[in-house]
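The values are calculated or read from the model by the stated rules, or taken from the named source; none is laboratory data. Because the structure is a prediction, the values reported are computed rather than measured. Because the Cβ atoms are built from the backbone with ideal geometry, glycine has one as well, and the counts that use them run over all protein chains shown. Each accessible area value is taken on the protein alone, full model and side chains, heavy atoms only, with ligands, DNA and RNA left out. Shrake-Rupley method; radii C 1.70, N 1.55, O 1.52, S 1.80 Å.
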Protein chains: 2
Amino acid sequence: MLHAATHDPSVVTLDFANGTRARFHAIWLRDNALDPETRDPGNGQRLITIGDIPADTSVSAAEVVEGDLRVTFQPEDKTVTFPASWLADHAYDREMSHAKGWIAPGITTWDASIEAPGADWAEVHRSTAAKRAWLAAVAEYGFAKLTGGPTEPESLLKVADLFGYVRETNYGPYFEVRTEVNPTNLAFTGLGLQAHTDNPYRDPVPTLQILYCLENSAKGGDSIVVDGFRAAERLREENPEGFALLAGYPARFEYRGSDGVCLRSRRPMIELSPDGQLIGIRFNNRSAAPLVDIPFDRMEAYYAAYRQLAGYIDDPAMGVSFKLEPGESFIVDNTRVLHARTGYSGAGSRWLQGCYADKDGLLSTLAALDMTQPEAAE
Amino acid sequence: MLHAATHDPSVVTLDFANGTRARFHAIWLRDNALDPETRDPGNGQRLITIGDIPADTSVSAAEVVEGDLRVTFQPEDKTVTFPASWLADHAYDREMSHAKGWIAPGITTWDASIEAPGADWAEVHRSTAAKRAWLAAVAEYGFAKLTGGPTEPESLLKVADLFGYVRETNYGPYFEVRTEVNPTNLAFTGLGLQAHTDNPYRDPVPTLQILYCLENSAKGGDSIVVDGFRAAERLREENPEGFALLAGYPARFEYRGSDGVCLRSRRPMIELSPDGQLIGIRFNNRSAAPLVDIPFDRMEAYYAAYRQLAGYIDDPAMGVSFKLEPGESFIVDNTRVLHARTGYSGAGSRWLQGCYADKDGLLSTLAALDMTQPEAAE
């Protein structure tokens, strides 16, 4: 609800009923006009380009009509109404002094003290609320278990179908995680694996991974997940210069494990948006390639920060452990949460299947559920 | 070939036979040791973690042996040999003062004056050199045509099979680009479309797109491609502050065209690596959402830069035009090259199929071809 609107040719100043004030530029308002000539009423897409808007666009009138804003733009002499609630939701006249490495609202970082979020196979198929809660856990915590599923091969593809699409790679639509002779990747051995994100040598990285257990009677082979964002937070607190180095220079990753495959990337271990939001972690000792983009006089400090970050990642106080039973699986946000496994050997077998998928599909499914089920979206 | 090696505990200084000198840190050398205890001889993956390397690692001996470097590390008392050529290839003791927006070696920016690079369907199937040249054109120019292909539906999937994997999305493994009643996307109308990158509302964006023509007898419907990197270069030259604004703040993109789909992203129009390399362009008037992450006092300058960038993109001197015939297709690097189409209508038909894929597969296939066919990689 709007209380008052004042304007000059380039800026409209609004007083909302709740006492807040926000300014909007003429060009911004014109570009975001909600009328059917500007936005397609069917699919919501913008019908005009920035070049269609006169460069000398100005406001000739701005008034409050039934609590909403009615603005007239010149030289088009075009009058458009903006709902007050829409304006409040899109106000940009606000404090934005973000520290480097700030974390988006809706994300909760964690350590070993949390219980692994999880959901039940039958429940997420039966109940939209259960499905929503499961996907919301992946969005908030970066991982979630799914228990009580079938033990047939390829069941992981049914997990992906619940929210999105498999990302096929050189490893196939999915891959077998079990001991192989002459493994092309150390994942396909019984070795323990340090916590890592998958495929940092791939650009774009797969943003989700599903690991699905079919057999796990071997001794060992526990799964561990670690919140890379929490590790980065700890580094930022203890060694802000080191954090800035890992975020400020690209690392290199490389994989050439099999014929016809030669994957390389040049991306930082800690990825920030241009305005400093923490948006990604890449960490993988096996595929880390020589670092050649860090200036000579910063290399030792970079390595010290890398060692410190690795120390947080290896810290038992950070990791959530569980042993997957047949029919159990988990999803990790591969841009944030690292996964490890303890070594395994001896009698018994361990057979997991893994596949990649992307966050766009998961977050879209979640957002669509939130829109159609607003009562469940508390 | 090495001429001389000197060292102190933390740094080895090398004089190469060609007169260049480069320093390497003890910790860097130890981390990148090429011995079989450090790197798996089979798949090349690193077997140790940064935490396995003593924090007080130092060099106790460094000498040139048969032109290569032999180093002994303490406290492990471990001796490792590094080939001189490997050291030269990975030297990081060099000038790195990059300007914001520098472009990677191997990328050539272009305007309307170039001839569209292309290849022939039968040739790329028959000749490894032709296939390599076709993929190398996508890597260098960000697009390439493929002509002389079949006119059966789904032929575009065979194009993807030549180098990588389709990225399935809510639009399916592939989608039909033709006029629809009640289109969920303006692409599925006869309207002209301003040059754009696809799906900037998706994170990660599909990094490649294939558009394959099955019918094109309508009047109009020409394809136009524009080098977004060239447009960004022009902006950087003419308005460096504006370039910094478009690279320095995230834009927002959104798509909710159909049931169950709500895709949103928060990514800049011009994407730079942390050390300033130009690595991505996102530009799409239809799905651009309100900009809410630019501070109030920079919004007008941001809009001016956006308008200027759009002006370069719309400039006829920038775009390469062609009308696809049935059986012809093109690939675009969707992180760099924008594509447009002129409007079409009247008698005749226009039927394209489109799909997404990713650059990791294409660049991997290209790199593998270069390794097995070095003579073709001049």
Worksheet item: Would you say B:Tyr201 is in contact (Cβ under 8 Å) with a residue 60 or more places away in the chain, open to solvent by less than 20 Å² (accessible area, probe 1.4 Å) and within 12 Å of chain A (Cβ to nearest Cβ)?
Response: yes
Worksheet item: For the stretch A:41-68, what are the residues that are open to solvent by less than 20 Å² (accessible area, probe 1.4 Å) and more than 14 Å from chain B (Cβ to nearest Cβ)?
Response: A:Ala62, A:Gly67
Worksheet entry | Flag for B:Ala304 being at pLDDT 95 or above and closer than 22 Å to B:Val225 by Cα | no
Worksheet item: A:Arg234: open to solvent by 30 Å² or more (accessible area, probe 1.4 Å), more than 10 Å from chain B (Cβ to nearest Cβ) and under 21 Å from the mean Cα position of the chain (by Cα), yes or no?
Response: yes
Item to complete: Go through (1) in contact with a strand residue (DSSP E or B) (Cβ under 9 Å, 6 or more places away or on another chain); (2) under 26 Å from A:Ile50 (Cβ atoms); (3) in a helix (DSSP H, G or I) and name the single condition B:Gly242 misses.
Response: (1)
Discussion item. Under 9 Å between Cβ atoms, which residue pairs at least 6 apart in sequence (or on different chains) link something in the stretch B:240-258 that is more than 9 Å from chain A (Cβ to nearest Cβ) and touching a residue at least 60 places away in the same chain (Cβ under 8 Å) with a partner that is among the hydrophobic types (A, V, I, L, M, F, W, C) and assigned to a loop (DSSP other than H, G, I, E, B)?
Written reply: B:Leu245/B:Ile294; B:Leu246/B:Met269
Worksheet item: For the stretch A:113-188, which helices (runs of 4 or more DSSP H) that fit wholly inside it have 3 or more residues that are open to solvent by less than 50 Å² (accessible area, probe 1.4 Å)?
Response: A:128-141, A:155-161
Worksheet item: Out of all the residues in the stretch B:23-40, which are more than 7 Å from chain A (Cβ to nearest Cβ) and either more than 30 Å from the chain's Cα centre (by Cα) or buried (at least 20 other Cβ atoms within 10 Å of the Cβ) (or both)?
Response: B:Phe24, B:Ala26, B:Leu29, B:Arg30, B:Asp31, B:Ala33, B:Asp35, B:Pro36, B:Glu37, B:Thr38
Item to complete: Return the residue satisfying two criteria in turn: it lies in the stretch A:357-372 and is within 13 Å of B:Arg264 (Cα to Cα) and in contact (Cβ under 8 Å) with a residue 40 or more places away in the chain, and of such residues it is farthest from the other protein chains (Cβ to nearest Cβ).
Response: A:Leu362
Worksheet item: Across the stretch A:65-92, which residue is nearest to A:Leu2 (Cα to Cα) among those that are in a strand (DSSP E or B) and polar (S, T, N, Q)?
Response: A:Thr81
Fill in: From the options B:Ile294, B:Ile270, residue that is more than 7 Å from chain A (Cβ to nearest Cβ), closer than 25 Å to A:Tyr92 by Cβ and open to solvent by less than 10 Å² (accessible area, probe 1.4 Å)
B:Ile270
Worksheet, complete the sentence: With the first residue restricted to the stretch B:13-37 and required to be under 16 Å from A:Ala288 (Cβ atoms), and the second required to be modelled with pLDDT of 95 or more and not in a helix (DSSP H, G or I), Cβ contacts under 6 Å at 6 or more apart or on different chains are B:His25/B:Val11; B:Ile27/B:Thr57; B:Leu29/B:Val71; B:Arg30/B:Ile53; B:Arg30/B:Thr57; B:Arg30/B:Phe73; B:Asn32/A:Pro290; B:Ala33/B:Val80
